[in-house]
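So the structure is just underneath, and the comments pick up after that.
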Amino acid sequence: MMYSVKTLSAALLSSLIAGAALAGEAHQPQTVVELYTSQGCSSCPPADKLMGKITKNPDVLGLSFAVTYWDYIGWKDTFGSPDNDARQTRYRDQFSGRYVYTPQMVVAGQDHFVGSNAHELESNLHKFKGHARQIPLDWRFEGEKLIISLPDHGAPATIWQVDIDHEKKVQIGRGENTGKSVTYHNVVRKTHQIAHWDGKAKTISLDLATLMQEGRDGCAILVQERGFGPIIAALKIGL
């Protein structure tokens, strides 16, 4: 039987995606830590290193959001996204802050501090332990899909899908970090709203095939009150 290159590539891709989906894993962490960082910020590498330690703890879901507002200094952040800028700005408003800054860590959607402050991080992890398990999630893999069930909660929330790359190393060529090689962990590549949840029992389906086609090796689900308020449930998915 003869195959065209296009047909063969599609067949191989489908096989690889299906295999990766079957090999997927997921778990519900205790809490969520968001780091707002920039490759153009000289104060950020210590926070990026601290995020590397966070991601080794299965009880914590750490996410690195690269912002763009330091790009003007001379180095365009290779992971920067205006969506990340907008998310951080919504937190600024939520916390009644006067400005955004890097490095900034936001824990459980409820508190924030300078992202390189390990003492504040430890204190917040203790304070908000279990906040991402207020709603117990059930899930199962079905081929190229991940099916997630949410129980009746009684209060509305926003469900976010955050697509991530687990680890990326960048050699920075210009700006405040010229010459440095920095490793970034759980790098957020896309954030999109799945649904406004009314709090009633609900099932959602994630298309893992699309994630694989886009080159991602995982994603996370965040269930967040008021869109940018407390994070009451989370799920980390690896492929």
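Observations, loosely collected:
- Residue in the range 25-34 that is nearest to the chain's Cα centre (by Cα), counting only those that are of a type outside the set (A, V, I, L, M) and either at pLDDT 95 or above or buried (at least 18 other Cβ atoms within 10 Å of the Cβ) (or both): Glu34
- Selection from the range 94-113 of residues that are touching a residue at least 40 places away in the same chain (Cβ under 8 Å) and not hydroxyl-bearing (Ser, Thr, Tyr): Gln94, Val100, Pro103, Gln104, Met105, Val106, Val107, Ala108, Gly109, Gln110
- Test: residue in the range 162-179 that is of a type in the set (Ser, Thr, Tyr), touching a residue at least 24 places away in the same chain (Cβ under 8 Å) and surrounded by fewer than 17 Cβ atoms within 10 Å (Cβ to Cβ): yes
- The condition of being farther than 14 Å from Val188 by Cβ and modelled with pLDDT of 95 or more does not hold for Thr210.
- Test for Asn57: is it modelled with pLDDT of 95 or more and over 18 Å from the mean Cα position of the chain (by Cα): no
- Listed by position, the strands (runs of 3 or more DSSP E) contained in the range 196-239 that have at least 1 residues being at negative phi and touching a Phe, Trp or Tyr at 6+ places or on another chain (Cβ under 7 Å) are 218-224, 231-238.
- Pair list, Cβ under 7 Å, 6 or more apart: the range 72-93 residue without any contact (Cβ under 8 Å) to a residue 40 or more places away in the chain, other residue of a type in the set (S, T, N, Q) and outside any helix (DSSP H, G or I): Asp77/Ser38; Asp77/Gln39; Asp77/Thr68; Pro82/Thr68; Asp85/Thr68
- Selection status of Pro45, modelled with pLDDT of 95 or more, farther than 27 Å from Val170 by Cα and in contact with a strand residue (DSSP E or B) (Cβ under 8 Å, 6 or more places away or on another chain): no
- Number of residues in the range 60-75 that are more than 23 Å from Arg92 (Cα to Cα) and at pLDDT 95 or above equals 1.
- Criterion (crowded, with 22+ Cβ neighbours inside 10 Å, under 18 Å from the mean Cα position of the chain (by Cα) and at pLDDT 95 or above) met by exactly one of Thr78, Thr89, Thr37: Thr37
- Hits in the range 42-80 - residues which are among the small types (Gly, Ala, Ser) and within 16 Å of Thr183 (Cβ to Cβ): Ala47, Gly52, Gly62, Ser64, Ala66
The values are calculated or read from the model by the stated rules, or taken from the named source; none is laboratory data. Everything numeric here is computed off the predicted structure, so don't read it as measured data. Positions of Cβ are backbone-derived with ideal geometry, glycine not excepted, and every protein chain shown enters the neighbour counts.
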